[in-house]
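Colleague: Take a look at this one; I'll ask things after.
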Amino acid sequence: MDSLVIKPPFQKITESSRLYVADAGPKGRGVFAGRAFKKGEIVESCPIIPWEQEELYRLSGHLLERYVFLWDKRNKSLAVVLGFGSLYNHSSQPNCGYSRQIKNRLIVFKAKRAIGPHEELTIHYGPSAASFHEIP
């Protein structure tokens, strides 16, 4: 397990009963569990804003380009994920997975294993993960 668990007192940047954003150390901000999640449980369903890939090229070198997801491979489109979705940090051993619901314009994050309260929620960034270094 290479996700971060923070112990009170900690400063929450945002919060709900399910999730919150807090400082994840050298990784910057991260998404944390506000309560325990069971394996297979939906952690968050996030609406998306679709982008054509050509639009991203205009943002080359801009901070926002690090926060988009590959959306529809057939159309070579990207997406900005709302909710906390674009703030999940990368892990080579993530505790969450995600699936795209193209028709509904949603990304659904699910627990890959049991997750404890205050544990950082992580995903695998896929082929682009090599461009993001892991923090031990």
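The values are calculated or read from the model by the stated rules, or taken from the named source; none is laboratory data. Source: prediction; values computed, not measured. Counting neighbours? That spans all protein chains shown, and the Cβs are built from the backbone with ideal geometry, glycine included.
Colleague: Which pairs turn up if I take residues in region 7-29 that are of a type in the set (Gly, Ala, Ser) and look for partners that are assigned to a loop (DSSP other than H, G, I, E, B) and modelled with pLDDT under 85 with beta carbon separation below 8 Å, at least 6 apart in sequence or on another chain?
Modeller: Sorted first by the residue in region 7-29, then by its partner, the pairs are Ala22/Ile6; Ala22/Phe10; Ala22/Gln11; Ala24/Leu4; Gly25/Leu4; Gly25/Ile135.
Colleague: Does region 28-54 hold any residues that are modelled with pLDDT under 90 and not charged (D, E, K, R), and which are they?
Modeller: Gly28, Ile49, Pro50, Trp51, Gln53
Colleague: To continue, here is another question. Give Leu78, Leu59 a once-over and let me know the one that is modelled with pLDDT of 75 or more and either farther than 21 Å from Leu4 by Cβ or among the polar types (S, T, N, Q) (or both). Give the derivation first.
Modeller: Working: Leu59 fails: modelled with pLDDT of 75 or more.
Going through Leu78, Leu59 in turn, just one is modelled with pLDDT of 75 or more and either farther than 21 Å from Leu4 by Cβ or among the polar types (S, T, N, Q) (or both): Leu78.
Colleague: Same structure again: Give me a count of the residues in region 88-120 that are touching a strand residue (DSSP E or B) at 6+ places or on another chain (Cβ under 6 Å), polar (S, T, N, Q), within 23 Å of Lys73 (Cα to Cα) and in a loop (DSSP other than H, G, I, E, B).
Modeller: The qualifying residues number 1.
Colleague: Could you grab the pairs with beta carbons closer than 6 Å, sequence gap of 6+ or different chains, first residue in region 50-61 and polar (S, T, N, Q), second one modelled with pLDDT under 70 and part of a strand (DSSP E or B)?
Modeller: Within 6 Å, no pair qualifies.
Colleague: Out of Phe109, Phe84, I need the residue that is under 14 Å from the mean Cα position of the chain (by Cα), modelled with pLDDT under 95 and of a type in the set (Phe, Trp, Tyr). Which one? Explain how you work it out, then say what you get.
Modeller: Working: Phe109 fails: modelled with pLDDT under 95.
Going through Phe109, Phe84 in turn, the sole match is Phe84.
Colleague: Moving on to the next point. Do we have Arg66 as of a type in the set (D, E, K, R), on the phi < 0 side of the Ramachandran plot and at pLDDT below 70 here? Walk me through it before giving the result.
Modeller: Details: of a type in the set (D, E, K, R): yes; on the phi < 0 side of the Ramachandran plot: yes; at pLDDT below 70: yes.
Criteria met by Arg66.
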